[in-house]
């Protein structure tokens, strides 16, 4: 889960950087005073705290919940198959110790069957891992696309020349923080779909 979140945060930061370079039409509403002090008006720039946004975004929470359920289901299925394989191996060992096989050939056949079960389980586990990794990438792409479209829609009509992420910012005045507004907008947008 932590790895998913970190991967998604990185992609969101990149998406935010892309938004920085996207120039919207219209004029800014700020008076910029150079070398005489700072204007009391806000610049047409805002930022979003990605960590906070992600933790409160219904769309993301639904995607992650679905992923976690799938992960849990797959893990339980693999664990059950692993327990079955372990029980079969224990039963085989007991039969070998008790000389319960009619012939050495029959014992080797049983051992080969158990080794095949193990190989099949390992192959299945690898496939599950690949499938889950693909689902993570899909979640990441869905979230990134949704955020980019949602933030563009949020900024219509144009309120800001730039909306950036706070991820790499050393300092940003809280007056420029629009995280709560963006989160509320995106959650309403998600519920209406």
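Out of all the residues in the range 69-126, which are surrounded by fewer than 10 Cβ atoms within 10 Å (Cβ to Cβ), on the phi < 0 side of the Ramachandran plot and either outside any helix (DSSP H, G or I) or in contact with a strand residue (DSSP E or B) (Cβ under 7 Å, 6 or more places away or on another chain) (or both)?
98, 102, 103
Evaluate the range 49-68: report whether one residue or more is surrounded by 10 or more Cβ atoms within 10 Å (Cβ to Cβ) and in contact with a strand residue (DSSP E or B) (Cβ under 8 Å, 6 or more places away or on another chain).
Scanning the range 49-68, I find at least one residue that is surrounded by 10 or more Cβ atoms within 10 Å (Cβ to Cβ) and in contact with a strand residue (DSSP E or B) (Cβ under 8 Å, 6 or more places away or on another chain), so the answer is yes.
Across the range 155-183, what is the total count of residues that are in contact with a strand residue (DSSP E or B) (Cβ under 8 Å, 6 or more places away or on another chain) and either in a helix (DSSP H, G or I) or surrounded by 13 or more Cβ atoms within 10 Å (Cβ to Cβ) (or both)?
15
Of the residues 15, 46, 30, which single one is surrounded by 16 or more Cβ atoms within 10 Å (Cβ to Cβ), farther than 30 Å from residue 125 by Cβ and modelled with pLDDT under 90?
It is 15.
The values are calculated or read from the model by the stated rules, or taken from the named source; none is laboratory data. Because the structure is predicted, anything quoted here is derived from the model rather than measured. Heads up, the Cβs are rebuilt from the backbone with ideal geometry, glycines too, and the neighbour counts pull from every protein chain shown.
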